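Note sheet for the following structure.
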Amino acid sequence: MTDAYQALEKVFESKFMHKPTDRFFSPGRINLIGEHTDYNGGHVFPAAITIGTYGVARLRDDTTVKLYSTNFSDTDIISFSIENEEKLARGSWGNYVKGVLQAMRGYGNHFTKGFELAVTGNIPNASGLSSSSSLELLVGVTLQKLYNLKIPRLQLVASGQRSENDFVGVNTGIMDQFAIGFGEKNHAIYLDTNTMIYEMVPVNLGQNVIVIMNTNKRRELADSKYNDRVRETQEAVFDLQKKLKIQYLGELDSHTFEENQQLVHNDTIRRRARHAVTENERAQLAVKALKANDLSYFGQLLNASHESLKNDYEVTGIELDTLAETAQKVPGVLGARMTGAGFGGCAIALVDRNHVADLKTIVGRAYREKIGYDASFYVAEIGQGAHWVG
Ligand code: GAF
């Protein structure tokens, strides 16, 4: 970690001709279970991980903002005035910074001086481990420290989400920013996205570990497909409201849903709704199972979650299915499922630590044979949320 900062400080000095004053870190996240439930008023169970985004920064005396990232070698310094609220070109990573600035202004914060920020990250690109929310929260904690803002953590989290929704144009829920904002070492966050009540749950896996399995597939069109799922579940709510007084699918149990599902106007929308309802139940059961140390049942719920995401929600694809379904059959694996938005990205497997090598060999071989290129594997470590390092 210290090495990462030393290298980044050198980059900062060579780009901005000054030394930075502060260091920051913001993690990525995995979601254990509760997928595509956060914009449906359901439960989620994510955790921050130890890989993430590093930043070093300095406040300036004038109004210029200068940004540099080592992860986008083709672009050079991004520069704009702190007063300029216009979007940068589509696809520019600077829009995440501008989006957070704008959202924080919306909460009544004022930024008069500019700043310099250099970032570097070790979250694999477009891997579904939420590199974008990691960057948003990195910007949030950087602005909080540089401008000495006394603001609640939830405001930073909400600013990240607003940046994503309003500035970047993906209608995501709050899960990723919440996990990254509130993460704690060796804990997962059990969040009810309807009430925003949450609980930190220790993740005691005994001799088991969580392995992240990366499809290494580019998540093409993922944003528009994500927005389609948001719209589809809203359509289901609209249909169900003809009889039921609900605002979100997360308010329904699966029994009530089954009894009323004929209200939903077509089969595709019905299956989307079924996933949101059953996944919300699985998340609640999984947290109970983890607390009761019933890892076998926890694993079964992971498998059921993947099946629902594959058949009812249709966000997996051949790459994620190959990883999760092959992993589920490996001896020592208690359960496996895709994690995050889907459409490529990563899956996770809960596996006995003595079987990690088998998992990598068996799943790695099956993936290469079927997909034609390699998957990557990392053992996940659950770490602290976004913070000022010093
Ligand atoms: C993405 C979104 F950003 C989250 O809000 C969540 O909806 C997730 O997909 C699916 O559970 O990571």
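Where a number appears in this text, it was derived from the coordinates with a stated rule and is not lab data. Computed from a predicted model, the values in this text were never measured in an experiment. When we count neighbours, we look across all protein chains shown, and the Cβ atoms used for this are built from the backbone with ideal geometry, even at glycine.
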| What are the aspartates and glutamates whose alpha-carbon lies under 18 Å from the alpha-carbon of Lys66, with same-chain residues fewer than 8 places away excluded? | Glu9, Glu13, Asp22, Asp74, Asp76, Glu83, Glu85, Glu86, Glu116, Glu136
| field | Pairwise label distance in nanometres, Lys10 with Asn84, each label 7 Å out on the Cα-Cβ vector | value | 3.1 nm
| request: Taking amide H positions as placed in the peptide plane 1.01 Å from N, state which residues far from Val389 in sequence (5 or more) or on other chains have amide H under 5 Å from it. | output: Arg23, Phe24, Phe25
| request: Can you tell me the 0 to 90 degree angle between the C-alpha axis of helix 94-106 and the longest principal axis of the chain, rounded to 10? | output: 90 degrees
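Would you mind checking Lys225/Lys288; Lys113/Lys145; Lys150/Lys185 for any pair whose Cα atoms are more than 21 angstrom apart?
Beyond 21 Å between Cα atoms: Lys225/Lys288; Lys150/Lys185.
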| query | What residue among Leu301, Leu154, Leu32 has the largest mean-square fluctuation in a Gaussian network model of the chain, using Cα springs under 10 Å? | reply | Leu154
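So how much slack lies between Asn186 and Ser224, counting 0.36 nm per residue of separation and subtracting their Cα-Cα distance, in nm?
Working: separation 38, 0.36 × 38 = 13.68 nm, distance 3.36 nm.
Full extension of this stretch gives 10.3 nm more.
So if I place +1 on the C-beta of Lys and Arg and -1 on the C-beta of Asp and Glu, and nothing else carries charge, what would the dipole magnitude of the chain be about its Cα centre? I want it in debye, nearest 20. Don't jump to the answer; show the numbers that get you there.
Numbers: 42 positive and 46 negative charges, 101 e Å.
Dipole about the Cα centre, nearest 20: 480 debye.
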| Against the longest principal axis of the chain, how steep is helix 295-311, in degrees 0 to 90 to the nearest 10, with axes from Cα atoms? | 90 degrees
| remark: So, over other residues within a Cβ distance under 10 Å of Ser134, counting Lys, Arg +1 and Asp, Glu -1, the net charge is -1
| remark: The farthest towards the positive end of the charge dipole of the chain, of the residues Leu137, Gly121, Leu59, given +1 on Cβ of Lys and Arg and -1 on Cβ of Asp and Glu, is Leu59
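Which whole-number percentage describes the relative contact order of the range 122-175, with Cα contacts under 8 Å and a sequence gap of 6 or more? Working shown, then result.
Working: 28 pairs, mean separation 13.8, N = 54.
For the range 122-175, the relative contact order is 26 percent.
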| query | Roughly what % of Cα-Cα distances in the chain sit above 35 Å, to the whole percent? | reply | 26 percent
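What Kirkwood hydrodynamic radius, in Å, does the range 114-213 give when the mean of 1/r is taken over all pairs of distinct Cα atoms and then inverted? Present the calculation step by step, with values, prior to reporting the outcome.
Working: mean 1/r = 0.0660 Å⁻¹.
The Cα-based Kirkwood calculation yields 15.2 Å.
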| Choice from Glu319, Glu85, Glu235 with maximal GNM fluctuation in the chain (Cα, 10 Å cutoff) | Glu85
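What relative contact order, as a whole-number percentage, does the range 73-205 give when Cα pairs under 8 Å and 6 or more residues apart are counted?
Values: 132 pairs, mean separation 30.1, N = 133.
Relative CO of the range 73-205 lands at 23 percent.
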| task | Check cross-link reach from Lys370 to the aspartates and glutamates: straight Cα distance under 15 Å, and skip same-chain residues fewer than eight apart. | result | Glu319, Asp321, Glu325
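Might you report the magnitude of the Cβ-based charge dipole of the range 289-389 about its Cα centre, with Lys and Arg at +1 and Asp and Glu at -1, to the nearest 20 debye?
Values: 9 positive and 12 negative charges, 40 e Å.
Roughly 200 debye for the range 289-389.
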| Between Asp267 and Asp76, what FRET efficiency follows from the Cβ-Cβ distance if R0 is 56 Å, with the result rounded to 0.05? | 0.65
| Principal axis box of the range 12-131, alpha-carbon based, largest edge first, Å | 45, 31, 27
| task | Relative to the longest principal axis of the C-alpha atoms of the chain, give the angle of the C-alpha long axis of helix 267-291, reported between 0 and 90° and rounded to the nearest 10°. | result | 80 degrees
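Take every Cα pair under 8 Å in the chain that's 6+ residues apart, average their separations, divide by the length, and report that relative contact order as a whole percent.
Computed value for the chain: 23 percent relative contact order.
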| said: Under 16 Å between alpha carbons, and skipping anything fewer than 8 positions from Lys242 in its own chain: which aspartates and glutamates qualify? | reply: Glu251, Glu258, Glu259
| J(HN,Hα) series, the range 150-165, from Karplus relation 6.51 cos²θ - 1.76 cosθ + 1.60, nearest Hz, glycine and proline x | 9, 10, x, 4, 4, 5, 5, 4, 5, 5, x, 5, 5, 4, 5, 6
